[in-house]
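Working notes for the structure below.
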Amino acid sequence: MDEQECSQVFAMLSEYLDDQLTPSSCAELEQHIQDCPPCIEFIESLRCSVQLCRKLSKTAPSPAPSAEQVDALRMAYRDMLDRRSKT
Ligand SMILES: [Zn+2]
C-alpha cells in the first residue's frame, strides 16, 4: 500500500461521511482499508464519530456531521499519514 491510495481514501472521506459514496467507490474504499492498518484504524474512529454524531442528532433532520467535525477528521487523517510516513 502506498500513500497515494491513502490520499484517495482521504479524498473520499467527505462523501463517506455523508453516505454519498457510490457502491463502487465504497467497495474500493473498503478494499483499501482491509489491507491498510492506519486506514482501518482511522475509518473505525470515523465510524464511531459518525455513529456518535447520528446518535446525538437523532431528532435532527440531517444526520450529516458538522463542518467542524469534518475538519477535525481531516486533521486526524493528516496526522495519521504524517505518523505513518515517519515510521
Ligand atoms: Zn491507507
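If each residue of separation counts as 0.36 nm, what is the full-extension length gain between Glu41 and Ser7 once their alpha-carbon separation is subtracted?
10.7 nm
Ranked by Cβ crowding within 10 angstrom, fewest neighbours first, how are Arg84, Arg74 ordered?
Arg74, Arg84
Could you check the simple spin-label distance between Glu28 and Ala72, using points 7 Å along Cα→Cβ, in nm with one decimal?
2.9
Read-outs throughout are calculated quantities, based only on the coordinates presented, and are distinct from any laboratory measurement. Keep in mind the model is a prediction, meaning the values are calculated, not measured. Cβ sites come from the backbone with ideal geometry, for glycine too, and all protein chains shown count toward neighbours.
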